[in-house]
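Below is one structure, written out as structure tokens; comments come after it.
The values are calculated or read from the model by the stated rules, or taken from the named source; none is laboratory data. Owing to the predicted nature of the structure, the values given are computational and were not obtained by experimental measurement. A quick note on method: Cβ atoms are made from the backbone with ideal geometry, for glycine too, and the neighbour counts reach across all protein chains shown. Note: areas computed on protein heavy atoms with side chains; ligands, DNA, RNA excluded. Shrake-Rupley method; radii C 1.70, N 1.55, O 1.52, S 1.80 Å.
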Amino acid sequence: QVQLVESGGGLVQPGGSLRLSCAASGSIFRFYVMAWYRQTPEKQRELVVGMTRDGITNYADSVKGRFTISRDVAKNTVYLQMNNLKPEDTAVYYCNTKVGVMTYWGQGTQVTVST
């Protein structure tokens, strides 16, 4: 069983920054890929960025140059640094990983970008 716990969401003005954290139960090196997704009531859940165990990343075009994924293996934590936030980044952000055929999600953290 894998548990993922997100934190760090909140309300921020356009142009501002937030850093999300995803704390995993156990070593994150167990997972080939860890990823961040986001979802709004109007849209399907979409991939924001994924990172492989080897550190290869895949960013959505909409966040390239603004968002950065990183990890702290000692803390079993993956981060999402979000800069120059835009109102369209407003969503619930979820941490995700897979183990074999099982997919695991965190509970989500709300990010709201608004004046």
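Quick check on Ile69: is it of a type in the set (Val, Ile, Thr) and open to solvent by 40 Å² or more (accessible area, probe 1.4 Å)?
no
Identify all residues within the range 89-115 that are out of contact with any strand residue (DSSP E or B) (no Cβ under 8 Å at 6 or more places or on another chain) and in contact (Cβ under 8 Å) with a residue 12 or more places away in the chain; write none if there are none.
Once the filter is applied, which keeps residues that are out of contact with any strand residue (DSSP E or B) (no Cβ under 8 Å at 6 or more places or on another chain) and in contact (Cβ under 8 Å) with a residue 12 or more places away in the chain, the range 89-115 yields Val99, Met102, Thr115.
Which count do you get for residues in the range 3-32 that are of a type in the set (Val, Ile, Thr) and over 14 Å from Tyr94 (Cα atoms)?
The total comes to 2.
Taking the condition at pLDDT 95 or above, under 11 Å from the mean Cα position of the chain (by Cα), outside any loop (DSSP other than H, G, I, E, B) and under 18 Å from Ile28 (Cβ atoms), does Val92 pass?
Considered against the rule, which asks whether it is at pLDDT 95 or above, under 11 Å from the mean Cα position of the chain (by Cα), outside any loop (DSSP other than H, G, I, E, B) and under 18 Å from Ile28 (Cβ atoms), Val92 comes out as no.
Go through (1) open to solvent by less than 60 Å² (accessible area, probe 1.4 Å); (2) within 14 Å of Gly9 (Cα to Cα); (3) touching an Asp or Glu at 6+ places or on another chain (Cβ under 8 Å) and name the single condition Val63 misses.
(2)
Every residue, every condition in (1) within 16 Å of Asn96 (Cα to Cα); (2) modelled with pLDDT of 95 or more, yes or no:
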{"site": "Glu42", "(1), (2)": "no, no"}
{"site": "Leu47", "(1), (2)": "yes, yes"}
{"site": "Thr57", "(1), (2)": "yes, yes"}
{"site": "Asp61", "(1), (2)": "no, yes"}
{"site": "Lys75", "(1), (2)": "no, no"}
{"site": "Leu80", "(1), (2)": "yes, yes"}
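Which one of these is surrounded by fewer than 14 Cβ atoms within 10 Å (Cβ to Cβ), in a strand (DSSP E or B) and either touching a helix residue (DSSP H, G or I) at 6+ places or on another chain (Cβ under 9 Å) or not polar (S, T, N, Q) (or both): Leu11, Leu80, Leu20?
Going through Leu11, Leu80, Leu20 in turn, the sole match is Leu11.
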